[in-house]
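Every read-out reported here was derived from the displayed coordinates using simple, explicitly stated rules and does not represent laboratory data. Keep in mind the model is a prediction, meaning the values are calculated, not measured. Reconstructed Cβ throughout: ideal geometry from the backbone, glycine too, with neighbour counts over all protein chains shown.
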Amino acid sequence: MIKLKISFLSLLSEFFQWYPQESTIRDLMLRGNSLQAGKTRIFLRTIKYYQQRIIFYTRKYLKLKITKKSSNRNEDTIFLRGKPSNSLSFQDVFVLEMLKEKRGGFYLEIGAGWPKRINNTYVLESFYNWRGISIDYDEKLVSEFNAVRLNPCIMGDATTLNYHEILKCAPIDIDYVSLDIDPAGQSLVALSRLPFEKFNFLIITFEHDSYLHGNAIKKLARIFLKSKHYILVKGDVEASGFGKHEDWWVNCETLASNRTQ
């Protein structure tokens with residue numbers, strides 16, 4: 001309960017530091033910019049909706065009880081409150097919660113690993129009909145991945161790839177980016193190479209492995225993503241045997257603009 005309160009208060013603090021306040025609207029009106037003030041007011045109302053959803057999800061997530069059931073599709077799939085999951089720390093469930101169990105979404109998976117076991121996108125593809133692109137440096141894993149999955153896995157160094165070329169057929173709004181490369185410093189390099197100027201990445205899970213490498217990579221990634229207007233929904237996600245290894249981020253600006261369209 002203490003951890004829940006701390007996480008909840010931290011979330012509120014992060015959120016209220018970022019999104020525009022009513023004073024912003026008043027300042028715009030005083031400057032005679034009524035059009036921008038109107039847009040800001042609509043955005044503010046919508047962002048408050050996502051604030052409530054984030055808070056609701058955070059409360060729910062921290063109280064979850066895990067139950068394992070058998071699955072005909074994949075023996076590594078477990079079910080969390082009726083939702084399937086193959087992720088190490090339920091990243092796939094987090095994505096589905098934030099996107100209201102969206103079907104037909106699109107993902108970018110950097111550091112694919114195994115095609116099913118401890119994989120962040122298997123459930124999205126197999127249960128929710130998502131399209132997407134995965135990337136891995138290991139030739140054997142890429143071959144295994146492409147043998148059992150519908151969506152492609154590209155072999156390459158994620159720190160040097162041309163993401164504009166890789167994503168040339170992707171939608172502008174990419175629902176989920178999974179960043180999980182070893183060592184974690186490589187994930188930071190890959191993150192910095194993503195074309196934020198062209199694509200809207202709605203949700204990002206970033207593996208910083210601070211339990212192994214200390215806090216330097218985590219701090220740099222947080223500075224970078226906050227500069228892109230992302231909200232840290234859950235920091236220092238832990239997994240049994242791994243310690244604090246990941247941060248989960250949401251681009252509330254993009255979610256809100258999609259909501260108003």
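Summary table
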quantity: Total lysine pairs whose alpha carbons fall under 21 Å of each other in region 79-260 (8 or more apart, or interchain); calculated: 21
quantity: Gyration tensor (alpha-carbon) shape descriptor, region 79-260, a/c threshold 1.5; calculated: rounded
quantity: Distance in nm between pseudo-label sites at LYS140 and LEU220 (7 Å out along the Cβ direction from Cα); calculated: 3.0 nm
quantity: Residue-count net charge about LYS234 - beta-carbon cut-off 9 Å; Lys, Arg +1, Asp, Glu -1; calculated: -3
quantity: Translational diffusion coefficient (Stokes-Einstein; Kirkwood radius from C-alpha pairs) of region 149-200 at 20 °C, 1.002 mPa s, in µm²/s; calculated: 178 µm²/s
quantity: By average C-beta atoms within 10 angstrom, highest first, the peptides 119-131, 97-109; calculated: 119-131, 97-109
quantity: Centroid-to-centroid separation of region 214-252 and region 131-200 [C-alpha atoms, Å]; calculated: 19 Å
